[in-house]
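Engineer: This is the structure I want to talk about, given as structure tokens.
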Amino acid sequence: MSQPVTPFSSARFLAIRLLPGEDVLPALRKYVKQYNLQAAFIAGCVGSLTNVALRYAGQSYAGKKGIDFLTGKFEVVSLIGTLDANGEHLHLAVSDEKGVMTGGHMVDGSTVRTTLELVIGELEQVTFQRETCALSTYEELVVTPR
């Protein structure tokens, strides 16, 4: 059974706005590097996208195979996940112009339409890393104390 590294950690927060045309993941990686965020998470997000790039559950990530690229006008319903200097694990849910929703693992290629307003938190007493998990065979989150 998993145990927390520390029972609690204080956090600090960064509020940012991404502009029309920005690719979301490279922009987030830039802020992680710029502010040396070691255990970041998406605390809140609202906005819209024109392009959405998702990998659905159980799909391969070899090149662009298994990735769905959507074009249109999308409202961000949810963006949640963790980020660190070596990677991220983000899930995105969007709705189209008719309110039809889709979501999955966010990959490079999601572009801001009008705005993307984000609040990014960082846990101050821990560090996030990603290591191959023997059980899942994927790069998974490892939390260590600072």
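Engineer: So if I restrict to the alpha-carbon atoms in the chain, what is the Rg, and what is Dmax, the biggest pairwise distance, in Å?
Structural biologist: 15.6, 46
Engineer: Give the whole-number value, in cubic angstrom per residue, of the convex hull volume spanned by the C-alpha atoms of the range 87-132.
Structural biologist: Once divided by residue count, the hull of the range 87-132 is 115 Å³.
Engineer: Now for a different question. Report relative contact order for the range 11-145 in percent, whole number only (criteria: Cα-Cα under 8 Å, sequence separation at least 6).
Structural biologist: 35 percent
Engineer: Per the helix-only calculation at 222 nm, which mean residue ellipticity applies to the chain, given -39500 (n - 2.57) for every DSSP H run of n ≥ 4 and division by its residues, nearest 500 deg cm²/dmol?
Structural biologist: For the chain, the value works out to -2500 deg cm²/dmol.
Engineer: Can you give me the Cα centroid spacing of the range 73-98 and the range 115-146 in angstrom?
Structural biologist: The two parts, judged by their Cα centres, are 16 Å apart.
Throughout, read-outs are computed from the coordinates displayed, never taken from laboratory work. In this text the structure is predicted, and so the values were computed from the model without any measurement.
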